[in-house]
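Student: Please find one structure pasted underneath; my questions will follow.
The values are calculated or read from the model by the stated rules, or taken from the named source; none is laboratory data. This structure is a prediction, so every number in the text was calculated from the model and none was measured. No Cβ is skipped: glycine too gets one built from the backbone with ideal geometry, and neighbour counts run over all protein chains shown.
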Amino acid sequence: MKRRSFLKYTAITAAAAASSVGASKGWAVPDPQDIELDSKEAKSDLLAACPYCGVGCGTIIQTKRGKITNVIPDKDHPTNKGLQCIKGLTSAEAIYVNRLTKPLIRKDMSDPLTGHVSATKGSFDPKHFREATWDEAEELIADKVVEIIREDGGNAIGLYGSGQLPVEGQYLENIFMKGVLGSNTIEANARMCMTSAVTGYFKSLGSDTPPTCYDDIELSDMITFWGHNARGSHPILYWRVADHKASRNIPTLVVDPRRTGTVQGLEEINPENSTHFSTINGDISIQNAIAYAILEKHDDAVAWDFLKKHTTGWETYVEAVKA
């Protein structure tokens, strides 16, 4: 396959991934004939997972002639059940707003192989750039990448991805970097965002996956939020909790130094059983205090058999809390 053909088909596939495209029957990779951007027969309603946050809401991407025209919630999806927050509904706007119509190439371009550093590096004044054709820009990028790989190997090329990409986009990233360039130098903002949570999961649960599911929300007798403003960060989860509180009148606890939208929203449903612990001492201090109270006054509520059979280090924890 010629490089021109490769670029053409890669662009088509990447465009589909950027739109979080899924087949209209189930959650599967679409057929090529369904994602040809200039096809008048392309499907207009495409199932996808919303790429914005980690909740994973079902989304229907509506398209016309290869362009996204609207994003609406999937009423049959078990996570969001026909609801979608403003972030998901507007997630496609950035694709077309203020996009460049032509590639721009810096006149005095840096060259990592020769060590030349552009004197205009860091400046985005239009006078430092010249317009180029798409063909020229594609050839330039491909040539420079090949030069670097030949000189220093595939791992000399790095990619910093995003947790906000859809699964399809992340798959293409890995195929391109590992399969085409031979590079394992891949990172994403997910490490900066979630490292502390993953570390906590491993230490407390032995896995980086919490042993719960969204359906547990409607089965709960009490729900707590620790340092999490769900109403702003993950509205769909907040709405499900709020609906459950309204229908079952369950008590809720928010541990957060801020008086967030989550606190206010739950209090609006029922202020009598909505508690806001505005701590400044940290989550761990409160958790240890609760554990101390349970161990000292409600020893019968502790699942001792479970602790002995399925956990390690619990003796040290109990001793430390009681000290």
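Student: Mind checking which pairs have a first residue in region 256-271 that is hydrophobic (A, V, I, L, M, F, W, C) and a second that is in a helix (DSSP H, G or I) and buried (at least 18 other Cβ atoms within 10 Å of the Cβ), Cβ under 7 Å, 6 or more apart or different chains?
Tutor: Close Cβ pairs satisfying both conditions: 266/242; 266/245; 269/242; 269/245.
Student: Within region 90-103, does at least one residue satisfy the condition of being under 22 Å from residue 133 (Cβ atoms), modelled with pLDDT of 80 or more and surrounded by 13 or more Cβ atoms within 10 Å (Cβ to Cβ)?
Tutor: yes
Student: I would also like to ask the following. Mind checking which pairs have a first residue in region 184-206 that is in contact (Cβ under 8 Å) with a residue 12 or more places away in the chain and a second that is aromatic (Phe, Trp, Tyr), Cβ under 8 Å, 6 or more apart or different chains?
Tutor: Filtered contacts from region 184-206: 187/160; 188/160; 189/160.
Student: Now for a separate question. Among the residues of region 162-179, write down those that are closer than 21 Å to residue 46 by Cα and among the hydroxyl-bearing types (Ser, Thr, Tyr).
Tutor: Once the filter is applied, which keeps residues that are closer than 21 Å to residue 46 by Cα and among the hydroxyl-bearing types (Ser, Thr, Tyr), region 162-179 yields only 171.
Student: Let me ask something else about it. Return the residues of region 123-133 that are touching a Leu at 6+ places or on another chain (Cβ under 9 Å) and touching a residue at least 24 places away in the same chain (Cβ under 8 Å); say none if nothing qualifies.
Tutor: 129, 130, 131, 132 - these are the residues of region 123-133 that are touching a Leu at 6+ places or on another chain (Cβ under 9 Å) and touching a residue at least 24 places away in the same chain (Cβ under 8 Å).
Student: Here's something else I'd like to know. Step by step: first the residues of region 258-290, then only those that are assigned to a loop (DSSP other than H, G, I, E, B) and under 29 Å from residue 302 (Cβ atoms), then the one that is modelled with the highest pLDDT. Which residue is that?
Tutor: 278
Student: State whether one or more residues within region 265-277 are surrounded by 15 or more Cβ atoms within 10 Å (Cβ to Cβ) and under 26 Å from the mean Cα position of the chain (by Cα).
Tutor: Yes, region 265-277 has at least one match.
Student: If you don't mind, another one. If I filter region 222-236 down to residues being touching a Ser or Thr at 6+ places or on another chain (Cβ under 9 Å) and crowded, with 21+ Cβ neighbours inside 10 Å, which single residue comes out as farthest from residue 271 (Cα to Cα)?
Tutor: 236
Student: I would also like to ask the following. Between a residue in region 220-241 that is closer than 10 Å to residue 254 by Cα and any residue that is part of a helix (DSSP H, G or I) and at pLDDT below 95, which pairs come within a Cβ distance under 9 Å, given they are 6 or more apart or on different chains?
Tutor: 226/283; 226/286; 226/287; 227/283
Student: Say whether the condition of being outside the structural domain of residue 166 (by TED's automatic domain parsing), at pLDDT below 85 and charged (D, E, K, R) is met by at least one residue in region 66-82.
Tutor: Yes, some residue in region 66-82 is outside the structural domain of residue 166 (by TED's automatic domain parsing), at pLDDT below 85 and charged (D, E, K, R).
Student: While we're looking at this one, here's another question. Could you check region 94-122 and list, in sequence order, the residues that are in a loop (DSSP other than H, G, I, E, B), of a type in the set (Gly, Ala, Ser) and either assigned by TED's automatic domain parsing to the domain that holds residue 164 or without any contact (Cβ under 8 Å) to a residue 12 or more places away in the chain (or both)?
Tutor: 110, 115, 119, 122
Student: Please determine, by comparing only the residues of region 111-122 that are among the polar types (S, T, N, Q) and at pLDDT 90 or above, which one is surrounded by the fewest Cβ atoms within 10 Å (Cβ to Cβ).
Tutor: Checked region 111-122; the qualifying residue surrounded by the fewest Cβ atoms within 10 Å (Cβ to Cβ) is 118.
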